[in-house]
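This report refers to the structure that appears directly beneath it.
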Amino acid sequence: MTPEPPTPQPSGPVYADRVYRSLAGMAGGVLLLALALWLGIDALVNGHGNTPWLALASLLLIVPLVIAFTLRPAVYANDDRLRIRNPFRAVTLPWACVDDIRASYSTEAFAGGGKYQLWAVPVSLRRRKRANIQQMRAAAPGASARQGRNPFAQGADVDQGRAPSDQTVSDLRRLSDLGNDRPTAQGVPEVRWAYEIMAPCVAGAVLLAVLLAVG
């Protein structure tokens, strides 16, 4: 009986996923959800005629959309793969198939001939410009002497020397370089559509259209 070949083991320690999200987007999503539920429930309870049905259809349409564009987007990265959760689909990219990750006007991953946007890592041109100005000031002659007189300057340069989106891209590129040759990081892109978001949106839109047509 021929023994089975050993299962490839990770070359080094495997750490938990790093999670990247837009805190501003999540905060805005919570506020929008609270407002939509407040108005919708009030219309359901106190409305007359077709108003409760219109409120129900609107909630079916609006609530999943708000969740999709504010609370759902996230990026998960570990030693083996990059997982991108966008509003209407989730993409899994093993590091071996990732060609590049860039942040120009949006953050994008290139893999297997395709381009995948990272909704959870928005690009702020204003913060990038501010970070570039701070880097130029730090590189100017006499900057070291000024920092020596300011006890808070050296600690600030570490966090403010690069825009958050650029720092995230740098972290993801480093993980990609480290995991590119790992046996457990091989594979092709996998895409899964978020039917749990799309189905209630379609149902709400159809119900709303029927109610408006009848009314």
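The values are calculated or read from the model by the stated rules, or taken from the named source; none is laboratory data. Quick caveat: nothing in here was measured; it's all calculated off a predicted structure. Note: accessible area is taken over every heavy atom of the protein model, side chains too, but ligands, DNA and RNA are not part of it. Shrake-Rupley method; radii C 1.70, N 1.55, O 1.52, S 1.80 Å.
One table, with the values for the structure above:
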| quantity | calculated |
| --- | --- |
| Rg/Rg_ref, the stretch 15-67, where Rg_ref = 2.2 N^0.38 Å and atoms are Cα | 1.54 |
| Isotropic mean projected area of the C-alpha convex hull, the stretch 58-107 (nm²) | 4.4 |
| Heavy-atom accessible area per residue - the stretch 31-81, 1.4 Å, Å² | 53 |
| D_trans [Stokes-Einstein, Kirkwood Rh over alpha-carbon pairs] for the stretch 161-210, 37 °C, 0.692 mPa s, µm² s⁻¹ | 219 |
| Accessible area (Å², per residue) of the stretch 159-215, counting only protein heavy atoms and a probe of 1.4 Å | 61 |
